[in-house]
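Here the structure comes first, spelled out in structure tokens, and everything after it is commentary.
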Ligand code: SF4
């Protein structure tokens, strides 16, 4: 049964920047946990950040791939640079994926680490950019399929396609 990497906050862990979780209560998340295939990760905690912590965004709407290339930074509203923690957390998530043979992830949408379809653009004014966060970008670059909490049925279909191989 294929394992799946899942953002801790989606499973009810209170690890978001503001100390909250992002539990959806979706039946598929509970099913994956019952099946023992859920591998829980919070890249920002893994990278050494605390909860709560200041909200962070990727500079200039460049997205996570640019951070990994050294072309953008992750900052908080006062300009403090938290890039090393975000990169370290992404690398740890990838290491877990490799160790466990994980080929699919379900990550929290919009996060500067976990966002896949969009992240916030560094203006701290709610502006978005259609680029993934640091962890999502690293996992995508290494061949994982990344879904958000809004694509759980698609993720399940992909898992089933892996399980019949
Ligand atoms: Fe959730 Fe990812 Fe943010 Fe951790 S880094 S709180 S798992 S969105």
Legend entry - Most mobile of 66, 111, 80 in a GNM of the chain (Cα contacts under 10 Å): 80
Inset, instruction - Note the angle between two axes, namely the Cα long axis of helix 152-163 and the longest principal axis of the Cα atoms of the chain, as a number of degrees from 0 to 90, rounded to the nearest 10. - result: 50 degrees
Inset, instruction - Please list the radius of gyration and Dmax for the range 53-128, considering alpha-carbon atoms only, with Å as the unit. - result: 12.6, 39
Inset, instruction - Using a Gaussian network model of the chain whose springs link C-alpha atoms within less than 10 Å, name the residue from 109, 31, 91 with the highest mean-square fluctuation. - result: 31
Legend entry - Kirkwood Rh and Cα Rg combined as Rg/Rh, the chain: 0.96
Legend entry - CD proxy at 222 nm, helix term only [per DSSP H run n ≥ 4: -39500 (n - 2.57); per residue of the chain; nearest 500]: -9500 deg cm²/dmol
Inset, instruction - Take every Cα pair under 8 Å in the chain that's 6+ residues apart, average their separations, divide by the length, and report that relative contact order as a whole percent. - result: 24 percent
Inset, instruction - At 7 Å along the Cα-to-beta-carbon direction for both residue 150 and residue 123, put a label point, then send me their distance in nm to one decimal. - result: 1.9 nm
Legend entry - Full-stretch length increase - residue 130, residue 69 - with 0.36 nm per residue and alpha-carbon distance subtracted: 20.2 nm
Inset, instruction - Run the numbers on the range 1-99 and let me know its relative contact order in percent, using alpha-carbon pairs under 8 Å that are six or more apart. - result: 25 percent
Legend entry - Added length on full extension, which subtracts the Cα-Cα distance from 0.36 nm per residue, residue 99 to residue 157: 18.6 nm
Inset, instruction - Over the Cα atoms of the range 7-75, compute the convex hull volume and normalise it per residue, giving Å³. - result: 108 Å³
Inset, instruction - Taking just the C-alpha trace of the range 77-165, give me its Rg and Dmax in Å. - result: 14.2, 50
Legend entry - Gaussian network model of the chain, springs between alpha carbon atoms under 10 Å - residue of 115, 89, 127 with greatest fluctuation: 127
Inset, instruction - Mind sorting 134, 40, 104 by how few other Cβ atoms lie within 10 Å of their own Cβ, fewest first? - result: 40, 104, 134
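Each value in this text was obtained by applying a stated rule to the coordinates, not by laboratory testing. These figures come from a predicted structure and were not determined experimentally. A quick note on method: Cβ atoms are made from the backbone with ideal geometry, for glycine too, and the neighbour counts reach across all protein chains shown.
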